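Only one structure is covered here, and it is reproduced in the block below.
Coordinate-derived values only; no laboratory data. Being a predicted model, the structure only gives us computed values, none of them experimental. Glycine gets a Cβ as well: all are built from the backbone with ideal geometry, and neighbour counts include every protein chain shown.
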Amino acid sequence: MKRKRADKGNGIPHLVPLAPQALAILEELRSLTGHGRYVFPSERGGARCMSENTVRAALRALGYSNDEMTAHGSRAMARTMAAERLNVQPEVIEAQLAHTVPDALGRAYNRTQYLDQRRALMIAWADYMDRIRDGAKVLPFKSA
């Protein structure tokens with residue numbers, strides 16, 4: 001989450017709306033991860049969450065090199081696709097990614113969370129991922 005450490009602990013909570021598809025996946029995971037504090041616990045025990053290196057190792061095991069995909073790169077990819085494919089306003093995407101308003105004046109006065117728009121974004125994103133999984137419609141290129 002892109003917030004200062006003090007803001008993570010003491011600031012306004014970053015709410016994350018989830019699509020029905022995401023909730024269904026989390027419910028399936030419950031049988032694997034139990035009812036502990038973390039959805040993705042550390043391999044070394046449930047007192048800690050899974051490390052970023054675990055995700056990195058999983059991507060390498062799937063055959064992706066560090067130049068092709070990283071855990072953090074999925075955020076950049078989602079941000080780009082939400083703007084380009086789903087026509088979501090940048091402010092809504094930035095709020096979903098927990099990015100702060102860049103200027104001091106904006107941070108002082110802008111407390112918009114865009115929860116309704118972010119909820120719609122997450123549903124649109126999940127539907128988009130479903131379409132890709134199920135074989136998205138491929139548009140032909142016009143010949144020159």
Notebook entry, point to check: Once you put a point 7 Å from the Cα of LEU15 and another 7 Å from the Cα of GLU91, both along the Cβ direction, what distance in nm separates them?
Noted result: 1.8 nm
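So how do HIS14, HIS35 line up by other beta-carbon neighbours within 10 Å, fewest first? Could the numbers behind the result be given before it?
Details: HIS14 15, HIS35 6.
Starting with the residue having the fewest Cβ neighbours, the order is HIS35, HIS14.
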Check: the range 17-69: which trypsin sites (Lys or Arg not before Pro) are DSSP loop and have at most 11 other beta-carbon atoms within 10 angstrom?
Finding: ARG37, ARG44
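How would you order 89-98, 74-83 from highest to lowest mean count of nearby Cβ atoms within 10 Å? Walk me through the intermediate numbers first.
Numbers: 89-98: 17.5, 74-83: 14.8.
Highest mean packing first, the order is 89-98, 74-83.
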